[in-house]
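In what follows, a single structure is set out as C-alpha cells and then discussed.
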Amino acid sequence: MTFCLKNARHLNAPVDVLVRDGRIVTMTPAGHHDMPADCEVVDAAGLLLMPSFTDAHVHLREPGFEYKEDIGSGLEAAARGGFGSVMCMANTRPVNDNASITRAMLDKARDTHPHGPRLCPIAAATVGLKGEEMAPLGELREAGCVAVSNDGRPMPGTELLRRVMEYSADLGLIFIDHCEDATLAPGWVMNEGVVSGELGVKGQPPVGEAMQVARDIMLAEYLGLPVHIAHVSCALAVDVLRWGKARGVQVTAETCPHYLWLDDTALRGYNTAAKVSPPLRSPADREALRRALKDGTIDILSTDHAPHALHEKEQTLDAAPCGFTGLDLAVSLTWGLVRENVIDEADMHRLWGAAPARIFNLPYNNFEPGDPADFFLFDPAEDWVVSRETLYSKSANTPFLGQTLHGRVRHHWMGGVQLF
C-alpha cells in the first residue's frame, strides 16, 4: 500500500510523508512531493506529526488481574494515546518469571492487536518478585522479554542485585530498578512532609529513594554496567543522578507526567486518587523534576500506567492501592508542558521516542527512508474532559478525572496500517 500524508506539521515545519509497504519512503517540505499515480492522499492540515512513542513502564495486569486491565484494553489505550511500543512490568499473577508466561502475553497481544502496538514484556528479576532467587533470565529473554526489573518490590540485597545486573548485561538487557528503601518508613501512605503532618498519616521521606539511587549508581560504576532508574520523584534523587552522570556512569532515568504536574497537596482531603508509588512529593521536588527533564538529567518519560478498579480506590487512604491509569493521558499532559514552555516539541519526541528506543533497543521511526511507518497525528486544538467515557483503559483511577486537557491523538498508523 502506498499513501501520502500531506500538510502535517513536524517540529514546526509543514511536511509531506510518502509511505510504501509499511516503510517511510521520503519526508519532504509540504508541496514538494511528486506523488505516484496510485498514491492515496491523507490531508493532515492543522495536525502535528509525531513518531509512535515508547512507554517503558506500564502494568497491564494480565494474567491474573484482568478486572483492572487486560492486554487487549491496555494496548487499545496505548494506541489511542500515541504509543507504538509498550514495556509491561512483571507483577502479574502468576508473575512473568518464566518463558511460558511471556509467550502467552505475546500471543494475546498478537491476537488482540495484530498491527500493534507492540507488547514488550519485562522479565521479573527474581522468582515471584520475592527478591530471594534470580529468575531464569536467559529463558525469559529468548521468549521475548526486552528488559529486567523487580518493579513494585525493591531489590533488598545488594549481592543479588549485582548478579541480576551482571546476568542482564550479559544477555543484552537493561536492569530497571524501583528505588526505595523498604525498611525506611514501612507502611507509608504518602510523602513525608507538611501535608502528611496535616493529615496525620505516615509519610515516606525522599531520602529513601535517593539512597537506593546512589547504591545503584555506585554498583553500576564498579561493575562498568548500565542501570535504569524507574519513576524518579524527588529533587534529592535528581542530585544523585547528576553526580553519577558527571562521573560517567551508565545510568539512565525516567519520571512520569504526574510527578511534573502534581505534588503532595493533591492528597489533601484524603484523596485516594492521588496515592501513587513513589508518592507525589513537594512542590519544590516537582519543579526540580521539570528542570531535570529539560537539561537531560532525566532521560525519558514513562507513564507507570497502573490501573485499578473503582472499588479498590474507594477505600481509606491507608487501604487504597497506589497507582494511576496513564496511557490515555500521557501525550496530552506532556503537550501541556510544551504549552507552558517547560520543554519543547523536540524534547517531547526525544523523551517519549528516540531516547527510550535507544536505551532499550526498540524500533523507532526517525522519518528517514526505510524507517517503520509508525506515527500518529495529534490535534493541538482539541480540548477534552477526562472521564470514564473518554478513556480507553478499563480503569479511570486518575487524579486528572474531570479535568480538561489540551490536545489529543487523532489518528495512529503502525507499519503503514491505520489503527484508528
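Descriptive notes on the structure:
- Taking the range 251-261 as the range and being in contact (Cβ under 8 Å) with a residue 40 or more places away in the chain, part of a strand (DSSP E or B) and aliphatic (A, V, I, L, M) as the test, only Ala253 passes.
- Contact map, the range 224-250: first residue closer than 12 Å to Thr297 by Cα, second residue open to solvent by 60 Å² or more (accessible area, probe 1.4 Å), Cβ cut-off under 7 Å, separation 6 or more or different chains; pairs are Ala235/Ala284.
- Every residue from the range 226-250 that is under 24 Å from Asp55 (Cβ atoms) and surrounded by fewer than 21 Cβ atoms within 10 Å (Cβ to Cβ): Pro226, Lys245, Gln250
- Unique match (being under 24 Å from Phe175 (Cα atoms) and in a loop (DSSP other than H, G, I, E, B)) among Pro321, Pro356, Pro307: Pro307
- The number of residues in the range 251-271 being open to solvent by 20 Å² or more (accessible area, probe 1.4 Å) and of a type in the set (Ser, Thr, Tyr) comes to 3.
- Selection count, the range 291-305, where residues are under 18 Å from Ala210 (Cβ atoms) and basic (Lys, Arg): 1
- Filtered residues of the range 48-68 (kept if surrounded by 22 or more Cβ atoms within 10 Å (Cβ to Cβ) and at positive phi): Arg61
- When the range 377-407 is filtered for residues that are charged (D, E, K, R), outside any strand (DSSP E or B) and surrounded by 15 or more Cβ atoms within 10 Å (Cβ to Cβ), only Lys394 remains.
- Residues (farther than 26 Å from Pro372 by Cα and aliphatic (A, V, I, L, M)) located in the range 98-122: Ala99, Ile101
- Among the residues making up the range 14-47, those that are aliphatic (A, V, I, L, M), open to solvent by 40 Å² or more (accessible area, probe 1.4 Å) and at pLDDT 95 or above are Val25, Met27, Ala45.
- Entry remark, the range 336-363: residues being crowded, with 21+ Cβ neighbours inside 10 Å and either of a type outside the set (A, V, I, L, M) or on the phi > 0 side of the Ramachandran plot (or both) number 4 in total.
- In the range 72-103, of all residues being closer than 30 Å to Phe378 by Cα and in contact with a Cys (Cβ under 8 Å, 6 or more places away or on another chain), the one that is surrounded by the most Cβ atoms within 10 Å (Cβ to Cβ) corresponds to Gly74.
- Candidates in the range 140-171 are the residues that are closer than 25 Å to Thr54 by Cα, of a type in the set (Gly, Ala, Ser) and in a loop (DSSP other than H, G, I, E, B); of these, the one that is least open to solvent (accessible area, probe 1.4 Å) is Gly144.
- Checked against (1) at pLDDT 95 or above; (2) open to solvent by 20 Å² or more (accessible area, probe 1.4 Å), Ala182 passes all but a single condition, namely (1).
- Pick from the range 290-328, criterion touching a Phe, Trp or Tyr at 6+ places or on another chain (Cβ under 8 Å) and surrounded by fewer than 24 Cβ atoms within 10 Å (Cβ to Cβ), ranking: farthest from Val409 (Cα to Cα): Thr316
The values are calculated or read from the model by the stated rules, or taken from the named source; none is laboratory data. Worth saying up front: this structure is predicted, and the values here are computed from it rather than measured. When we count neighbours, we look across all protein chains shown, and the Cβ atoms used for this are built from the backbone with ideal geometry, even at glycine. Surface areas here come from the heavy atoms of the whole protein model, side chains and all, with no ligands, DNA or RNA. Shrake-Rupley method; radii C 1.70, N 1.55, O 1.52, S 1.80 Å.
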